[in-house]
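Before any comments, here is the structure.
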Amino acid sequence: MRTFDDLRKAHLDGPTILTIGNFDGVHRGHQALLQQMQHLAAQMAAARGMPVNTAFLTFDPHPVRVLRPDLPHFLLTTPMERLEAAAALGLTHGVVQPFNLEIAQLAARDFTTLLKAHLGLATLVVGPDFALGRNRSGDIAALRALGAELGFTVEVIAPIAVGTEPVRSSRIRELLRAGEVEAAAARLGRPYRVSGVVEHGDQRGRQVGIPTANVRTPPDKLLPADGVYATRTLIAGFDHVRAFYSATNVGVRPTVDGLHRRVESHLLDFPPPGQVDDLYGRALAVDFLFRLRGEKRFATITELVAQIHTDIAQARAMFADAPDAASVR
C-alpha cells in the first residue's frame, strides 16, 4: 500500500474507488465495505480495461478529540493499525488525513473537489449513515448530487450485524470496558489487540518467580476492563515474530498500591530452552482471548501470588487442546 500523511500530497490519476471514515477497529462491518470496494474495482477494471485504485482515507486525531476536546475518547486502533488492516485486505492506497478545525469547516463541495483533484475519485463507497463536510451537510443525497456534477458515483453498503445488532465501534468499546473480550472479538472478526513496547517495571513479578512483560501502550488506546485474561502474546525483534500463550493482567495492582493502569503479560513456556528472556525494548502485541477474573485486592502478597498461580494454571488448561499459538488468527 502506498500511503500519504495528507490528502493534498496525493496525486493519483484515477480512477479511484475510495472510502472515508474513522474506521476505528476495522471491524467486520468495515471489512465488508473494504471487500466490496475490491469487488467494484475488479468490475470497473474489467469494464474500462485499465487498473483501478482502491483508497482508504482515515483521520488523525479522531474528530471527537478536536470537536469535543472535553470528552475523553479512546481508540480501538491507531491510524497505522487501520492502514495495515486495509492493506491486508488488498487496498492500494491509504491516506491519514490530519483533522483540525480547518478540515472540519470545509464544505462538502470543497472536500469532494479535493478528493476528485488529488485522488481521481470515481466511486465513493460508504455506509448508510455517512456524511462529510461542515455540519455533516454532505449526506448521501447531497453527495450523489455532487457526484453527478463532479463526475463520481456513490455506493452505499448495508451494515453487518451480529444477531440483530449492527456492528459498531461504539458497541465494541462498551463490550471491552465490560471485559467481554469474546463478544468484542465476534464483532471485530479477530481478538482485540493491544500493542506497545516492553519497558522496565518494578520487578515484583520476577521477585516472586512469575516474570511479566510490562507493555507501554499509547495513552489514547482503549484497554479492556481491569482483570486477568487468557491471551496470546506476539514478540517482534527476533528473526521472526514469535507467539506464546499468556496470562495478562490489566489494572492498577491494588494489592501493592499501584497508581497507574498497566498491561503485564506472563508468557507461558517462555523463554524456550536455550533462548534469552530479555524482552526490554521489544515491540509486543497482546491478543485478548478470554477473561479469567476481575481485579481484586488481596490481604497479603502470599495470597496474591497463590491466585496468580491459579490464573496461570487456568490459562494453561484453556490452551491445552488449542493449536500452536503461532497458528492462531
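The values are calculated or read from the model by the stated rules, or taken from the named source; none is laboratory data. Quick caveat, the model's predicted, so the values are computed rather than measured. When we count neighbours, we look across all protein chains shown, and the Cβ atoms used for this are built from the backbone with ideal geometry, even at glycine. SASA here: full protein model, heavy atoms, side chains in, ligands and nucleic acids out. Shrake-Rupley method; radii C 1.70, N 1.55, O 1.52, S 1.80 Å.
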Review point. Calculated FRET efficiency, A47 and M80, Cβ-Cβ r, R0 30 Å, to nearest 0.05?
Key: 0.30
Revision key, fill the gap. Taking Lys and Arg as +1 and Asp and Glu as -1, residues besides R293 with C-beta under 12 Å from its C-beta add up to -1
Practice item. Order these peptides, 2-8, 169-175, by their mean beta-carbon neighbour count within 10 angstrom, highest first. Key: 169-175, 2-8
Practice item. Enumerate the residues in the range 1-45 having an amide nitrogen under 18 Å from the point lying 7 Å beyond the Cα of L67 toward its Cβ. Key: 20-25
**Study point:** Local electrostatic count at R171 - Lys and Arg +1, Asp and Glu -1, tallied over other residues with Cβ under 15 Å
**Key:** -1
Check your understanding: What FRET efficiency, computed as 1/(1 + (r/R0)^6) with R0 = 22 Å and r the Cβ-Cβ distance, is obtained for R261 and E102, rounded to the nearest 0.05?
Key -> 0.05
Exercise for review: Taking the chain as the reference, fit the longest principal axis to its C-alpha atoms, fit the long axis of helix 301-319 to the helix C-alpha atoms, and give the angle between the two in degrees, 0 to 90, nearest 10.
Suggested key: 60
Exercise for review: May I ask you to order 48-54, 94-100 by the average number of other C-beta atoms within 10 Å around their residues, highest value first?
Suggested key: 94-100, 48-54
Review point. Between V95 and residues 5 or more places away or on another chain, which pairs have amide H atoms under 5 Å apart, with H built 1.01 Å from N, and which residues are they?
Key: F4, F56, L57, T58
Check your understanding: Say each of A183 and A326 gets a label point 7 Å from the Cα, pointing the same way as Cα to Cβ; how far apart are those two points in nm?
Key -> 3.6
Practice item. Note down the magnitude of the dipole of the chain about its Cα centre, charges +1 on Lys and Arg C-beta and -1 on Asp and Glu C-beta and zero elsewhere, to the nearest 20 debye. Key: 340
**Study point:** Residue-count net charge about E303 - beta-carbon cut-off 12 Å; Lys, Arg +1, Asp, Glu -1
**Key:** +2
Exercise for review: Multiply the residue gap between K9 and F290 by 0.36 nm, knock off their C-alpha separation, and tell me the result in nm, one decimal place.
Suggested key: 96.9 nm
Revision key, fill the gap. With +1 at each Lys and Arg Cβ and -1 at each Asp and Glu Cβ, the charge dipole magnitude of the range 28-82 around its Cα centre, to the nearest 20 debye, comes out at 120
Exercise for review: Starting from the Cα of K9, draw a straight line to each of the lysines and keep only those under 25 Å, dropping any in the same chain fewer than 8 residues away.
Suggested key: K116
**Study point:** Rounded percent of accessible protein surface that carbon and sulfur make up, the chain, 1.4 Å probe
**Key:** 53
Review point. Which ³J(HN,Hα) values, rounded to whole Hz and listed in residue order, are derived for the range 148-164 from phi using the Karplus coefficients 6.51, -1.76 and 1.60 in 6.51 cos²θ - 1.76 cosθ + 1.60 with θ = phi - 60°, glycine and proline given as x?
Key: 4, 7, 8, x, 8, 10, 10, 10, 10, 9, 5, x, 9, 10, 10, x, 9
Review point. Stretched out fully, how many nm does the piece from R282 to D139 gain, at 0.36 nm a residue minus the Cα gap?
Key: 47.0 nm
**Study point:** Linear extension gain, A299 paired with A88, 0.36 nm per residue minus alpha-carbon span
**Key:** 71.2 nm
